[in-house]
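*Asks:* Structure incoming, see below.
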Amino acid sequence: MPNPFEITAARAEDIVTLGAWAHEESWNPGLHDGAVFFATDPGGFLFGRLDGEPVTSVSVVRYGDAYGFLGFYLTRPHLRGQGYGLRTWQAGTARLAGRTVGLDGVPAQQDNYRRSGFRTCWSNARYEGTPPPDIAPPPGTTLIDARSVPFDLLAAYDRRYFPAARDTFLAAWITAPGRTALAAVGDGGLQGLAVLRACRAASRIGPLYADSPAVAAALVSAVAATAPDAPVAVDVPDINPAAVRLAGELGLTPSFDTARMYSGPEPVIDRPGLYGVTSLELG
């Protein structure tokens, strides 16, 4: 008889396994991302188990009533092509039925996503390297600890760049261990936000929001200065040409590509201010 295969919601301890699988794929998740991810939507992480052993995964995190983000779509290499991944995908997408769904697809999976109704809206390139130190912000702009900003202002600013409110995620994201979160402030209020998190390889910067390239450059320089002895990486969307130019000017080089894809209406966000996406796993 065939081995029993079942799909269940992940346990908190399973998120450690998920991070290890993502690392094997060279996705370089943050060292402390798992707790933040799980707290955002505990029912949004599914594992397929074969004879009780986890062999497939997908995250299908709900934001609000109308948006969701799909990530961590993985099957253990020795079981690929046997239908286990597809069954897990189907269970995950059923959880997001009726919503606009986003994902960041690696090149090898993009045709499969298109066949499932997703369309490419932009590309992200991961830029890595060591930016110049001590880049000063523009006159009238100050960089401060983002955790000192009234949270309602920070959440409203984040909402400009993300398709739905995600207060639970954002609060945990900026306060988790191994983080540096800086906000750029001026007379007009918030002008930028950058969060750096420690990873197994290059420390990741995301989100990176800014009202101008000069603000973005100062934020990258400042958060990179707090990273361990390793380069930093930021996933830069090509819908913001200024962000792509800035990455090159800072001496960062592309190393990894994904496509932001949506099913359902494409969300409206502040594209000119999006210099780096928050994560490829939860959007």
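*Asks:* When the chain is fully extended, how far beyond the present Cα-Cα distance does Thr8 get from Arg119, taking 0.36 nm per residue of separation?
*Replies:* 37.2 nm
*Asks:* Right, another one. Would you please give the FRET efficiency between Asp145 and Thr253, computed as 1/(1 + (r/R0)^6) with r the Cβ-Cβ distance and R0 = 30 Å, to the nearest 0.05?
*Replies:* Computed FRET efficiency for Asp145 and Thr253: 0.50.
*Asks:* Once you list every other residue whose beta carbon is under 11 Å from the beta carbon of Ala247, what net charge do they have if Lys and Arg are +1 and Asp and Glu are -1?
*Replies:* -2
*Asks:* Under a GNM of the chain (C-alpha, springs under 10 Å), which listed residue has the highest mean-square fluctuation: Val268, Val16, Val60?
*Replies:* Looking only at Val268, Val16, Val60, the largest GNM fluctuation is found for Val268.
*Asks:* To continue, here is another question. Roughly how big is the stretch 184-283's charge dipole about its Cα centre, with Cβ charges of +1 (Lys, Arg) and -1 (Asp, Glu), in debye to the nearest 20?
*Replies:* 200 debye
*Asks:* What is the sum of charges, Lys and Arg at +1 and Asp and Glu at -1, for the other residues whose Cβ falls under 11 Å from the Cβ of Arg159?
*Replies:* Counting the neighbours of Arg159, the net charge comes to -2.
*Asks:* Zone of Arg159 (label point 7 Å along Cα→Cβ, backbone N under 16 Å): which residues in the stretch 256-283?
*Replies:* 268-270
None of the figures in this text is laboratory data; all of them are computed from the coordinates on show. Given the structure is predicted, the values throughout are model-derived calculations rather than measurements. With ideal geometry, Cβ positions are generated from the backbone for all residues, glycine too; neighbour counts draw on all protein chains shown.
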